[in-house]
1. Are there any pairs with C-beta distances below 8 angstrom linking a residue in the stretch 206-231 that is without any contact (Cβ under 8 Å) to a residue 60 or more places away in the chain to a residue that is assigned to a loop (DSSP other than H, G, I, E, B) and of a type in the set (Val, Ile, Thr), with the two at least 6 apart or on different chains, and if so which?
2. So, residue 250, is that one under 20 Å from residue 128 (Cα atoms), touching a Pro at 6+ places or on another chain (Cβ under 7 Å) and open to solvent by less than 20 Å² (accessible area, probe 1.4 Å) or not?
3. Considering only the stretch 355-405, give the helices (runs of 4 or more DSSP H) lying wholly within it that have at least 1 residues that are at pLDDT 90 or above, open to solvent by 30 Å² or more (accessible area, probe 1.4 Å) and within 18 Å of residue 332 (Cβ to Cβ).
4. Of all the residues that make up the stretch 217-226, how many are part of a strand (DSSP E or B) and either open to solvent by 20 Å² or more (accessible area, probe 1.4 Å) or in contact with a Ser or Thr (Cβ under 7 Å, 6 or more places away or on another chain) (or both)?
5. Counting only residues that are surrounded by fewer than 22 Cβ atoms within 10 Å (Cβ to Cβ), on the phi < 0 side of the Ramachandran plot and hydroxyl-bearing (Ser, Thr, Tyr), how many does the stretch 118-150 have?
6. Hey, any hits in the stretch 151-162 for a residue that's open to solvent by less than 30 Å² (accessible area, probe 1.4 Å), more than 16 Å from residue 235 (Cα to Cα) and in a helix (DSSP H, G or I)?
7. Going by what's in this entry, would residue 177 be described as crowded, with 22+ Cβ neighbours inside 10 Å and part of a loop (DSSP other than H, G, I, E, B)?
8. Which residues, taken from the stretch 73-100, are over 18 Å from residue 221 (Cβ atoms), small (Gly, Ala, Ser), within 33 Å of the chain's Cα centre (by Cα) and open to solvent by 10 Å² or more (accessible area, probe 1.4 Å)?
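The values are calculated or read from the model by the stated rules, or taken from the named source; none is laboratory data. The shown structure was predicted, so the numbers you read here are calculated from the model rather than taken from an experiment. Every residue, glycine as well, gets a Cβ built from its backbone with ideal geometry; the counts of neighbours run over all protein chains shown. For the accessible areas, the whole protein counts, side chains as well, though only heavy atoms, and no ligand, DNA or RNA atoms are used. Shrake-Rupley method; radii C 1.70, N 1.55, O 1.52, S 1.80 Å.
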Amino acid sequence: MTSVLESGNPPAPAGSPAAAGGAGRALTEWIRRHRTWTALILVFSLGVGLTIVAQLSPRGDNGPLSTRNAAPEGARAAAEILRDQGVDVSQTDTLADSLAALDRAKAGGRGATLLLYDRNGYLDGGQLQALQQATDRLVVVTPRLNTLSALEAGIAPAGVVPQNVSTLEPGCGLDGPAAAGAVTAESAYLYEADRVCYQPVEGLGGIYASSDDGRLVVLGSAQIISNRLLDEHGNAALALRTLGASDNLVWYLPGIADVTVEDRPKTLDELAPPWVAFFGPWLALVAVLAMVWRGRRLGPLVFEPLPVVVKAVETAEGRARLYHDAHAVDRAADNLRAGTLVRLARFLRLGPDAESTAIVHGAARHLGRTPEEMAQVLEARPRTESELVRWAQQLESLEKEVTAR
């Protein structure tokens, strides 16, 4: 107290500007002394903030024909246009969510359309029938044969659109296709039904097929709905008229979670076709009789002591016949040359690793001839079988001449 009174400067009140300035100077001084830690704290806080924003922001995906996918193969554009027209579009990824969405639409007294794009064939017959019964209108995009068979609507696959066809005209009286006009037909599938549109050839199916009551529509091209080709030709008109017929649209893209798993593996009886139960015993009896019949024809077994010794002459003759049958003149010549060189090297005591050039020079010195004469015989290349025989005789004569001296 004495020092304060002597200085004549009483301490500033806590809320005064002087006190606030002192706290600011202290904070600035602390930041200056701890610059590294301050920078790390700021970077960490910025990273946490960006992570939180990314987690809370709506997510997209890269799935083909997904309403959340803005890429060329997605279908976000078609979904947004349908929403602007008052259609409640909801994408589902599981069978349970799809059935729940259809039940909510029915409870609200509004019609519902279900778009099904099961490109990998995850759904089985029971699941498909449950979806067909739960919706007022079912639109299936590029379905497989198993899918169409389970739906039982008289629609069947009919091949693909020819490669030289890029667009197709409706060619039918259905309202949606007739109003849409020509659409893209590249890489599209064809389907047969009583009511078919967009046929490349009359009577061979089209890329738009419908059941008699109109509750099932098959669309043979996913590109018509995709972001990449939605604005070309009449693709948008056909997609919007096909999918926007109801107030609610459930956009169902099945996944691996929809695959049904059996509680136990199937037995052989369940996997075998029905005719096996009748014809199986008869086939087994016929197989046993065939084995007995063939076994009797073979006669008794012959026991021969082992090992069997095969003479070198027989082996040489056998290989010679094989070379003769295969017309392998080059292979036979290489074997004859190799055998002659090995025997000459052994006789001239040149060692097992001697090269052909050393053997030629050794034989020339031994016989008193030039190396060219020896090489003309030892390195000759016969092309025909007759030349091979004459050359073999020359080799034999040369070998006898070397060993005789």
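1. From the stretch 206-231, the pairs are 207/161; 209/155; 211/155.
2. In short, no.
3. 385-404
4. Qualifying residue count for the region: 2.
5. Residues meeting the conditions: 3.
6. Yes, that holds for at least one residue.
7. For residue 177, the condition - crowded, with 22+ Cβ neighbours inside 10 Å and part of a loop (DSSP other than H, G, I, E, B) - is not met.
8. 90, 96
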